[in-house]
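Chemist: Please read through the structure below; I'll follow up with questions.
The values are calculated or read from the model by the stated rules, or taken from the named source; none is laboratory data. Given the structure is predicted, the values throughout are model-derived calculations rather than measurements. For neighbour counting, all protein chains shown are included, and Cβ atoms are generated from backbone atoms with ideal geometry for every residue, glycine included.
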Amino acid sequence: MNQPDLTASVLTEALPYIQRWQDQVVVIKYGGNALAGAVGGEGERTALESFASDVVLLRSVGMRPVVVHGGGPQIGALLSRLGKDSRFVDGLRVTDAETLDVVRMVLLGQVNPDLVAAINVHGPLAVGLSGADTHLLRTQTADPALGFVGEVTEVNPTVVERLLEQRLIPVVATIGADELGQAYNVNADTAAGALAQALRAAKLIYLTDIDGLRRDVADPASLISRLTATELAEIVADGSIGAGMIPKVASCLQAVRGGVGQAHILDGRRPHALLLEVFTDAGVGTMVTPG
Ligand code: ADP
Ligand code: MG
């Protein structure tokens, strides 16, 4: 196929998807690991620019994207510059008061404004928020052993809905707060799932640093392209899912059982993975459906 023919066929293939997802809310969790093609380096810039233009494209064809981001490697990098170790339990960062300060500095001072700025290169579209804004993510202590790690008790999505009504793109940093205004570090996977559920999103998409959910993390051939919530629950129960994948699959399960149309886990380091998932017949990564 020559170039114009190829362009025409790509656009034609996308048409039914553009129609299907018209006006639908899609919550996209952009992992710190997907962003960190190379932390702070050229990889990160390119990954960020390509992600931003994909999100703007989704919005421009009529979808309502909401971005929720993490910042694990970026937080880890600042902590190590400050001579502090990172410690994780089941994929959750143990967060003492000093670590909480660093988490807030990195998410609210660096990752969130970088994402907002990258999107706004394309027009006045993105608005940065944190979960502490207008009670968006109400939290309480998840487990005293984890320190200031917040468990989401309530989601108040009104501010996000208002921005979506205005065709703006909310970009949410996952810092939550309790009734007294105490800040908490909320795992971004958990927050994205809870927000998707509260918004009754059509899709929840996790962009991470692996091609999807694998039966055996070490074996690329064991990628699971599609499974139901019931099948996923069985895999979770048999204990073969580790580290950072645990909060992702738990939130996928909860979200699709709570009314989200479908959940996806994709490799966000792959250029335009988001577009391939949404607009092509091929589909990429892992898709979790209700049932
Ligand atoms: P993110 O920044 O996207 O949240 P994480 O490192 O927290 O990234 O989570 C992704 C990681 O989960 C993968 O890089 C992989 O090492 C790990 N993982 C553990 N078990 C599995 C599994 N069964 N399939 C895929 N990835 C897994
Ligand atoms: Mg993670």
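Chemist: Name the residues in the stretch 152-182 that are surrounded by fewer than 22 Cβ atoms within 10 Å (Cβ to Cβ) and either of a type in the set (A, V, I, L, M, F, W, C) or within 20 Å of Asp101 (Cβ to Cβ) (or both), would you?
Modeler: Scanning the stretch 152-182 gives Val155, Val159, Leu163, Leu164, Leu168, Ala177, Asp178, Leu180, Gly181, Gln182.
Chemist: Where in the stretch 120-183 are the strands (runs of 3 or more DSSP E), entirely inside, with at least 2 residues that are in contact with a helix residue (DSSP H, G or I) (Cβ under 8 Å, 6 or more places away or on another chain)?
Modeler: Working: elements: 126-130, 137-141, 150-155, 169-173, 175-177.
Fully inside the stretch 120-183 and qualifying: 126-130, 150-155, 169-173, 175-177.
Chemist: Which one is surrounded by the fewest Cβ atoms within 10 Å (Cβ to Cβ) among residues in the stretch 134-151 that are among the aliphatic types (A, V, I, L, M) and under 21 Å from the mean Cα position of the chain (by Cα)? Outline the logic, then answer.
Modeler: First, the residues of the stretch 134-151 that are among the aliphatic types (A, V, I, L, M): 136-137, 142, 145-146, 149.
Going one step further and asking which of them are under 21 Å from the mean Cα position of the chain (by Cα), we end up with 136-137, 142, 149.
Values: Leu136: 26, Leu137: 30, Ala142: 20, Val149: 25.
My answer is Ala142.
Chemist: To continue, here is another question. Thr190 passes all but one of (1) among the hydroxyl-bearing types (Ser, Thr, Tyr); (2) away from ligand 1 (no atom under 14 Å from the Cβ); (3) touching a Ser or Thr at 6+ places or on another chain (Cβ under 9 Å); which number fails?
Modeler: Looking at each condition in turn, Thr190 falls short on (2).
Chemist: Still on this structure: Give Ser50, Ser80 a once-over and let me know the one that is in a helix (DSSP H, G or I), more than 14 Å from ligand 1 (Cβ to nearest atom) and touching a Pro at 6+ places or on another chain (Cβ under 7 Å).
Modeler: Numbers: Ser80 fails: touching a Pro at 6+ places or on another chain (Cβ under 7 Å).
Selected residue: Ser50, the only one of Ser50, Ser80 that is in a helix (DSSP H, G or I), more than 14 Å from ligand 1 (Cβ to nearest atom) and touching a Pro at 6+ places or on another chain (Cβ under 7 Å).
Chemist: If a residue has to be near ligand 1 (Cβ under 8 Å from one of its atoms) and part of a loop (DSSP other than H, G, I, E, B) to count, how many in the stretch 248-280 make the cut?
Modeler: Matching residues across the stretch 248-280 total 1.
Chemist: Give all pairs with beta carbons closer than 7 Å in which a residue from the stretch 1-24 that is within 25 Å of Arg64 (Cα to Cα) meets a residue that is outside any helix (DSSP H, G or I) and of a type in the set (Asp, Glu); count only pairs at least 6 apart in sequence or on separate chains.
Modeler: What qualifies is Glu13/Asp281.
Chemist: Among the numbered conditions (1) crowded, with 18+ Cβ neighbours inside 10 Å; (2) touching a Lys or Arg at 6+ places or on another chain (Cβ under 8 Å), tell me where Ala194 comes up short.
Modeler: (2)
Chemist: Looking at (1) at pLDDT 95 or above; (2) within 24 Å of Glu179 (Cα to Cα); (3) of a type outside the set (A, V, I, L, M), which one does Pro124 not meet, given that it meets all the others?
Modeler: It fails just one condition, (2).
Chemist: Return the residues of the stretch 198-247 that are modelled with pLDDT of 90 or more, part of a loop (DSSP other than H, G, I, E, B) and surrounded by 14 or more Cβ atoms within 10 Å (Cβ to Cβ); say none if nothing qualifies.
Modeler: The answer is Leu199, Ala201, Ala202, Asp209, Ile210, Asp211, Gly212, Leu213, Val217, Ile224, Ile241.
Chemist: Within the stretch 22-38, take every residue that is surrounded by fewer than 20 Cβ atoms within 10 Å (Cβ to Cβ) and modelled with pLDDT of 90 or more and give me the one that is nearest to ligand 2 (Cβ to nearest atom).
Modeler: Among residues in the stretch 22-38 that are surrounded by fewer than 20 Cβ atoms within 10 Å (Cβ to Cβ) and modelled with pLDDT of 90 or more, the one nearest to ligand 2 (Cβ to nearest atom) is Gln24.
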